[in-house]
Amino acid sequence: MPLIDLPDLDQTFESEPVPEGQYDLRVAKFEAAESKAGKPMYKVMLIVEDQEFPNASPVNFFLSLPADGDEERTKTFKMQQIKRFLTAFSIPYEANGFAAEDVEGSTASQISISQAPPTEDGRVFNEVHLPRAK
């Protein structure tokens, strides 16, 4: 079989988590999914928009939707997170919901990012902390 010529293949291409701080973010992907428990949610891929960190790892964020069987406290928390997300990313919404097509490409400024504890295999991930909605 002939060699596929890729002259820079020996370089490292892995992205890296950013240090804790405030960052501008862009929604790169917004897709419907299910939680491990089979409940509805959206998986959001966020891109750090910072020239100082051109190799920043994408940050996954999950928006869980209220579901049948959720306790009232759980429903309230889910709605808080959704409203915080919509507000931070300036996504238009109405009292009864929002349009999924308005999400991808939206941006937020100065969002707090921290590093999660390392996984068992030593990988480090970033976590997003949304500001309270006003």
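Below is a table of values for the structure above.
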quantity	calculated
Any hit, region 20-41, residues being out of contact with any Ser or Thr (no Cβ under 7 Å at 6 or more places or on another chain), of a type in the set (Val, Ile, Thr) and on the phi < 0 side of the Ramachandran plot	no
Only one of SER90, SER35, SER106 that is among the hydroxyl-bearing types (Ser, Thr, Tyr) and surrounded by 16 or more Cβ atoms within 10 Å (Cβ to Cβ)	SER106
Criterion: of a type in the set (A, V, I, L, M), surrounded by 12 or more Cβ atoms within 10 Å (Cβ to Cβ) and in contact with a Leu (Cβ under 9 Å, 6 or more places away or on another chain) - qualifying residue of VAL124, VAL27	VAL27
Subset of region 111-121 [of a type outside the set (S, T, N, Q), in contact with a strand residue (DSSP E or B) (Cβ under 7 Å, 6 or more places away or on another chain) and either assigned to a strand (DSSP E or B) or open to solvent by 70 Å² or more (accessible area, probe 1.4 Å) (or both)]	ILE111, ILE113
Every pair of residues 6+ apart whose Cβ atoms lie under 6 Å, when the first sits in region 1-22 and is without any contact (Cβ under 8 Å) to a residue 12 or more places away in the chain and open to solvent by less than 100 Å² (accessible area, probe 1.4 Å) while the second is in a loop (DSSP other than H, G, I, E, B) and among the charged types (D, E, K, R)	none
Selection status of PHE61, touching a helix residue (DSSP H, G or I) at 6+ places or on another chain (Cβ under 9 Å), within 14 Å of ILE111 (Cβ to Cβ), at pLDDT 95 or above and open to solvent by less than 60 Å² (accessible area, probe 1.4 Å)	yes
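The values are calculated or read from the model by the stated rules, or taken from the named source; none is laboratory data. Computed from a predicted structure; not experimentally measured. All Cβ positions, even for glycine, are placed from backbone atoms using ideal geometry, and neighbour counts span all protein chains on display. Just the protein is used for accessible areas: all its heavy atoms, side chains included, with ligands, DNA and RNA removed. Shrake-Rupley method; radii C 1.70, N 1.55, O 1.52, S 1.80 Å.
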